[in-house]
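Novice: Dropping a structure here in structure tokens format, bear with me for questions.
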Amino acid sequence: MKGVILAGGSGSRLKPFTQVFNKHLLPVGKYPMIYWPILKLREAGIDEILIITNPKDIPSFIEILGYGENLNVELQYQIQPNVGGGIADALLGARHYINKEKFIVILGDNIFEDSIAPYVHRFKEQEKGARVLLKEVMDPSRYGVPQIDLRKKLILSIIEKPVHPPSSFCVTGIYMYDHEVFRYINAIRPSDRNELEITDVNNMYIKNNQLEYDILKGWWIDAGTHDSLFKAYQYVNTNPIGENDL
């Protein structure tokens, strides 16, 4: 399997820093934010990784990361031409890199404790479809929220940023897909936010009875705001997640 890290976007919630830096290059603990998803992929045995980011930021990523030589991974880069097009739109940039393989996608601002190795293993054993990782949170309305049948272990639907969440779980920015994902992305239409929503893609998998899930056990944070970036810094300093391997 290969890995894809989405590290583009405008980082508007982290201004004024992101007027100068791509947010995924901001420090979380001793290292830039982007190191942590790379570490998690490598820990799961995934060492071929594509980073998708904004055109102007690629030189900075290469200067800091090179092509993965010092991290024992093989990094490639792809431009995200439409910065505000949404997660699904950014993911289209991985089509030729992935080809027909299964792969895993991590949003570059997701910092978390769990090893993804067992979840990747389950996905490899899954005949087809997709798999998402969920986490119980205090403020699910900020995210895509699954309606879950816990008895049958099924996600019935996912609602993007609902006013009245159907559960206390959110869909984290950790997704596993087969190659059908690109066909689904091409079939959806922009939302009211004028974005191609990854939630719409995941709901297409649900419609075809092909979406599985696991629930993260350890801490997880979306480090996309000033408060959450500070919390991520605290977490990685008090709960080491393998930084000695970097």
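The values are calculated or read from the model by the stated rules, or taken from the named source; none is laboratory data. Since the model is a prediction, treat every value here as computed from it, not as a measurement. Every residue, glycine as well, gets a Cβ built from its backbone with ideal geometry; the counts of neighbours run over all protein chains shown. The accessibility values were calculated without ligands, DNA or RNA, using every heavy atom of the protein model including side chains. Shrake-Rupley method; radii C 1.70, N 1.55, O 1.52, S 1.80 Å.
Novice: What residue, among those in the stretch 174-189 that are more than 22 Å from GLU127 (Cα to Cα) and in a loop (DSSP other than H, G, I, E, B), is most open to solvent (accessible area, probe 1.4 Å)?
Specialist: Looking at residues that are more than 22 Å from GLU127 (Cα to Cα) and in a loop (DSSP other than H, G, I, E, B), I get ARG189.
Novice: Does ILE106 fit the bill of being part of a strand (DSSP E or B), more than 18 Å from the chain's Cα centre (by Cα) and crowded, with 18+ Cβ neighbours inside 10 Å?
Specialist: Values: part of a strand (DSSP E or B): yes; more than 18 Å from the chain's Cα centre (by Cα): no; crowded, with 18+ Cβ neighbours inside 10 Å: yes.
No; evaluated as a whole, the condition is false for this residue.
Novice: Something else: How many of the residues in the stretch 109-133 are open to solvent by less than 50 Å² (accessible area, probe 1.4 Å) and not hydroxyl-bearing (Ser, Thr, Tyr)? Don't jump to the end; show me each part of the working.
Specialist: Of the stretch 109-133, the ones open to solvent by less than 50 Å² (accessible area, probe 1.4 Å) are 109-112, 114-117, 119-120, 123, 126, 129-133.
Retained after the next criterion (residues that are not hydroxyl-bearing (Ser, Thr, Tyr)): 109-112, 114, 116-117, 120, 123, 126, 129-133.
Selection size over the stretch 109-133: 15.
Novice: What do you reckon, is ILE58 within 30 Å of ASP200 (Cβ to Cβ), of a type in the set (Val, Ile, Thr) and free of Cβ contacts under 8 Å to residues at least 60 places away in the same chain?
Specialist: On the way: within 30 Å of ASP200 (Cβ to Cβ): yes; of a type in the set (Val, Ile, Thr): yes; free of Cβ contacts under 8 Å to residues at least 60 places away in the same chain: yes.
Yes, satisfied.
Novice: To continue, here is another question. With the requirement that a residue be part of a helix (DSSP H, G or I), open to solvent by less than 10 Å² (accessible area, probe 1.4 Å) and of a type in the set (Val, Ile, Thr), what does the stretch 29-64 give you?
Specialist: ILE38
Novice: Within the stretch 138-147, track down each residue that is surrounded by 19 or more Cβ atoms within 10 Å (Cβ to Cβ), at pLDDT below 95 and either over 13 Å from ILE87 (Cβ atoms) or of a type outside the set (Gly, Ala, Ser) (or both).
Specialist: Residues of the stretch 138-147 surrounded by 19 or more Cβ atoms within 10 Å (Cβ to Cβ): 140, 143-146.
Those left that are additionally at pLDDT below 95: 140, 143-144.
Passing the criteria: PRO140, TYR143.
Novice: Shifting gears a bit: Is it true that TYR67 is among the hydroxyl-bearing types (Ser, Thr, Tyr) and part of a loop (DSSP other than H, G, I, E, B)?
Specialist: Numbers: among the hydroxyl-bearing types (Ser, Thr, Tyr): yes; part of a loop (DSSP other than H, G, I, E, B): yes.
Yes: the conditions hold for TYR67.
Novice: Another one. Starting from residues that are among the charged types (D, E, K, R) and within 16 Å of LEU91 (Cα to Cα), keep the ones in the stretch 190-213 and report whichever is surrounded by the fewest Cβ atoms within 10 Å (Cβ to Cβ). Break it down into steps so the answer makes sense when it comes.
Specialist: Going through the stretch 190-213, the residues among the charged types (D, E, K, R) turn out to be 192-193, 195, 197, 200, 207, 212.
Applying the additional criterion that residues be within 16 Å of LEU91 (Cα to Cα) yields 195, 197, 200.
Working: GLU195: 19, GLU197: 22, ASP200: 21.
Within the stretch 190-213, the match that is surrounded by the fewest Cβ atoms within 10 Å (Cβ to Cβ) is GLU195.
Novice: One residue is enough: does the stretch 83-91 have a residue meeting the conditions open to solvent by 10 Å² or more (accessible area, probe 1.4 Å) and modelled with pLDDT of 95 or more?
Specialist: no
Novice: Determine whether ASN194 is in contact (Cβ under 8 Å) with a residue 40 or more places away in the chain and assigned to a loop (DSSP other than H, G, I, E, B). Talk me through it step by step, then tell me what you get.
Specialist: Details: in contact (Cβ under 8 Å) with a residue 40 or more places away in the chain: yes; assigned to a loop (DSSP other than H, G, I, E, B): yes.
For ASN194, the condition - in contact (Cβ under 8 Å) with a residue 40 or more places away in the chain and assigned to a loop (DSSP other than H, G, I, E, B) - is met.
Novice: Now for a separate question. Here are VAL163, VAL171: which of them is assigned to a strand (DSSP E or B) and either farther than 21 Å from ILE34 by Cβ or modelled with pLDDT under 95 (or both)?
Specialist: Numbers: VAL163 fails: assigned to a strand (DSSP E or B).
It is VAL171.
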